[in-house]
Every structure is written in structure tokens, then in C-alpha cells.
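Just below is one structure, and these are the notes that go with it.
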Amino acid sequence: MKTYYERLKASRKAAKLTQTELANKLGGKVTHNYVSKWESGGYKPDAENERKLIKILNLNSNWLVTGKGEQFVSNINLSSTLQYMYIYPVVHWETACKWSECMDKGLNQLGRFASLHESKGESFALEIEGESMLPRFRPGDHILVDTGIKVKSSDHAIVKINEDTAIFRQIIIEGGKMFMKALNPDWPNKLQEFTIGMSIIGKVIEKRELDL
């Protein structure tokens, strides 16, 4: 099953539920028409309904989102794991740079990031581009960013360097000054001091590695 929609449909059928029965279990304003559109690729469920689907269908959230890993979660782990599973959007770097504006207008999502982390502020995920944070962080890896956590020295963070550009760096605070550090030992200008106009968007609190 290559797509999110195919995996959701197969999981509903495995649970021996009709679209109407699944909609009734979800409650709220969800109807069988919503379920039909989710399964046909019309659009994806929002984060709240996705959490409910994962719990109702006893699914491994990472499998539903990415197709990787086991399809189902054992009943032993269900109450302790799925109760605390959260789904965050994977967004463009340009979206991260203008986060508050994009939140107001609605996000153009690239995918979903399933995590046990309960966000302290608005959270989102990014796909790493470039090699500045090698070897710990590779291009294609995904990172989860929480905008509600205060960043301390040695933390990893997303930094807005101008109106249109955000970058990923380690934060260093020394002598009352703040610096951005690239982890790649071969990176030019590995250590840069914060200047006027730069700001921290959020702390990187989780990494999902690219499968090779």
C-alpha cells in the first residue's frame, strides 16, 4: 500500500467497519462522506481526527503516515502510547520563516510527523536540506521544532536570519553574546554571531532519520 489513503482504507476494512460506522465512532461533525474523501485522496483528516483514527483502528501512527514499520500496535502498548501520540505538519522552510503568518492563513503541508512529544507551543517539522549539520543531521532527515520552548546554549534550533530565510544551527551563548554553530567541521563560517534582525523560531526537539 503506497499511499496514506490506501493504508487508511485497508485499516478500516481490517477492523470490519463501514465508512458510516467509522464516522460514528469518530463523532463530532464527521460523516461517511468525510471518510470517503479521506480514503479516495480528496484530502487528509485533520490532526485531531487522525489521532482518533489511529486509536480506533489500533494503528502504528508512523505506519499510517509513512508506510514504514508495523501496521498495528499491540493492545499492551495501546493505552500507554497512542493516548500520547501527536501529529504535526511537515512544512516548507519558507513557511518556518513566516510561521505566525502561515498559521493564520493555513499551512501548505508536505506531510505529517508523528511524535510522543506534547508541544509547548506551535510545533512543526522540517526536512533537512544541505550539509551544514553533518554528521549528526543528514539531508533528508526530518526534525521536529517546538516554538514554545526556551532555547539554551548547546541546543539545536531553527534561526530566522532575514525575512525569507531560516537555517538550522546549534546555539552557543558565551559572554552575553549569542552565536550560531554549524556542526559540519568542514563548513565555512562555522561560527557566526547573531546580528540585528536574526531571531530564534524554535528548538529542535526530535529527529527522524532518513532510511537508506
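The values are calculated or read from the model by the stated rules, or taken from the named source; none is laboratory data. Since this is a predicted model, take the numbers as computed values, not measurements. So basically every Cβ, Gly included, is an ideal-geometry build from the backbone, and we count neighbours across all protein chains shown.
Of all strands (runs of 3 or more DSSP E) completely enclosed by region 114-188, which ones contain at least 3 residues that are of a type in the set (Gly, Ala, Ser) and modelled with pLDDT of 95 or more?
On the way: elements: 123-127, 142-146, 156-162, 165-174, 177-181.
Answer list for region 114-188: none.
Is there a residue being among the β-branched types (Val, Ile, Thr), assigned to a loop (DSSP other than H, G, I, E, B), out of contact with any strand residue (DSSP E or B) (no Cβ under 9 Å at 6 or more places or on another chain) and assigned by TED's automatic domain parsing to the domain that holds Ile128 anywhere in region 189-196?
Going through region 189-196, the residues among the β-branched types (Val, Ile, Thr) turn out to be 195-196.
Okay, now just the ones that are also assigned to a loop (DSSP other than H, G, I, E, B), so 195-196.
The next check asks that each one be out of contact with any strand residue (DSSP E or B) (no Cβ under 9 Å at 6 or more places or on another chain); those that pass are 196.
Add one more test, that the residue is assigned by TED's automatic domain parsing to the domain that holds Ile128, and what stays is 196.
Yes; the residues of region 189-196 include at least one that is among the β-branched types (Val, Ile, Thr), assigned to a loop (DSSP other than H, G, I, E, B), out of contact with any strand residue (DSSP E or B) (no Cβ under 9 Å at 6 or more places or on another chain) and assigned by TED's automatic domain parsing to the domain that holds Ile128.
For region 148-160, name all the residues that are of a type outside the set (D, E, K, R) and closer than 21 Å to Arg136 by Cβ. I'd like the intermediate steps shown before the answer.
If we filter region 148-160 for residues that are of a type outside the set (D, E, K, R), which is where we start, we get 148-149, 151, 153-154, 156-159.
Hits for region 148-160 are Ile149, Val151, Ser153, Ser154, His156, Ala157, Ile158, Val159.
Is there any pair with a first residue in region 130-147 that is touching a residue at least 60 places away in the same chain (Cβ under 8 Å) and a second that is polar (S, T, N, Q) whose Cβ atoms are under 7 Å apart and which are 6 or more apart or on different chains, and what are they?
Taking only residues 6 or more apart or on different chains, the pairs are Leu144/Ser115; Leu144/Ser123; Val145/Ser123.
Let's see how each residue does on (1) free of Cβ contacts under 8 Å to residues at least 40 places away in the same chain; (2) touching a helix residue (DSSP H, G or I) at 6+ places or on another chain (Cβ under 8 Å):
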site: Lys2; (1), (2): no, no
site: Ser11; (1), (2): no, yes
site: Asn24; (1), (2): yes, no
site: Tyr43; (1), (2): yes, yes
site: Glu48; (1), (2): yes, no
site: Ser61; (1), (2): no, yes
site: Lys68; (1), (2): no, yes
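May I ask you to list pairs of residues, at least six apart or on different chains, whose Cβ atoms are under 7 Å apart, with the first in region 150-168 being touching a residue at least 60 places away in the same chain (Cβ under 8 Å) and surrounded by 11 or more Cβ atoms within 10 Å (Cβ to Cβ) and the second being assigned to a strand (DSSP E or B) and not hydrophobic (A, V, I, L, M, F, W, C)?
Close Cβ pairs satisfying both conditions: Ile158/Gly202; Lys160/Ser199; Ala166/Lys160.
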